[in-house]
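The structure appears below as structure tokens.
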Amino acid sequence: MEDAARRLAQIKLVHTAVWAVIAGCIVALFPSIAFDHRALFAALHVPIVAEIVVLAAFRGTCPLTHVAARYTDDRSPDFDIFLPRLLARWNKEVFTVLLVVAWSWAAWRWLTV
């Protein structure tokens with residue numbers, strides 16, 4: 001495997017791992033709400049908020065995307081991450097909706113009781 005392809009694969013692997021942690025935290029918000037684990041709900045926000053800050057600082061893109069772009073001319077939605085193309089394309093929208101739903105549910109559950 002040539003050096004650029006190897007580096008791109010390494011970046012994609014790291015990017016996918018970071019994505020899995022953030023996505024997992026967002027999904028885990030739902031059982032934390034359902035089982036009234038407020039401390040877990042709060043702790044799950046540490047990586048989520050860190051990701052939001054990073055994305056805001058890089059104008060909505062992951063810095064790993066910029067690094068991966070150095071190693072390929074491909075700009076398909078999944079060029080920088082090991083995700084299905086459709087999910088890679090709609091990733092931010094899907095997880096933003098999940099996050100808003102989780103926050104709304106938590107607010108309703110914990111502020112109306």
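Just so it is clear, none of the values below were taken in a lab; they were calculated from the coordinates. Quick caveat: nothing in here was measured; it's all calculated off a predicted structure. Cβ atoms come from the backbone with ideal geometry, glycine included; neighbour counts cover every protein chain shown.
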ask   = When segment 52-97 is examined, which residues are found to be in contact with an Asp or Glu (Cβ under 8 Å, 6 or more places away or on another chain) and touching a residue at least 60 places away in the same chain (Cβ under 8 Å)?
value = Ala68
request  = Quick one: count up the residues across segment 1-39 that are buried (at least 16 other Cβ atoms within 10 Å of the Cβ) and not β-branched (Val, Ile, Thr).
outcome  = 10
message = Against the conditions (1) out of contact with any helix residue (DSSP H, G or I) (no Cβ under 7 Å at 6 or more places or on another chain); (2) among the small types (Gly, Ala, Ser); (3) under 30 Å from Ala34 (Cβ atoms), where does Ala106 fall short? Just the number, please.
response = (1)
remark   = Taking segment 9-21 and keeping residues within 13 Å of the chain's Cα centre (by Cα) and without any contact (Cβ under 8 Å) to a residue 40 or more places away in the chain leaves Ala17, Ala20, Val21
ask   = Among helices (runs of 4 or more DSSP H) lying entirely in the chain, which contain 1 or more residues that are among the charged types (D, E, K, R)?
value = 3-34, 38-57, 85-111
remark   = For segment 1-58, the count of residues that are of a type in the set (Lys, Arg) and within 23 Å of Trp108 (Cβ to Cβ) equals 1
ask   = From the residues in segment 55-113 that are over 17 Å from Ala20 (Cα atoms) and among the hydroxyl-bearing types (Ser, Thr, Tyr), which one is surrounded by the fewest Cβ atoms within 10 Å (Cβ to Cβ)?
value = Thr112
inquiry  = Give all pairs with beta carbons closer than 8 Å in which a residue from segment 22-42 that is in contact (Cβ under 8 Å) with a residue 60 or more places away in the chain meets a residue that is surrounded by 11 or more Cβ atoms within 10 Å (Cβ to Cβ) and acidic (Asp, Glu); count only pairs at least 6 apart in sequence or on separate chains.
reply    = Ile22/Glu51
message = Of everything in segment 1-46, what is under 18 Å from Asn91 (Cα atoms) and among the hydroxyl-bearing types (Ser, Thr, Tyr)? Give them in sequence order.
response = Thr16
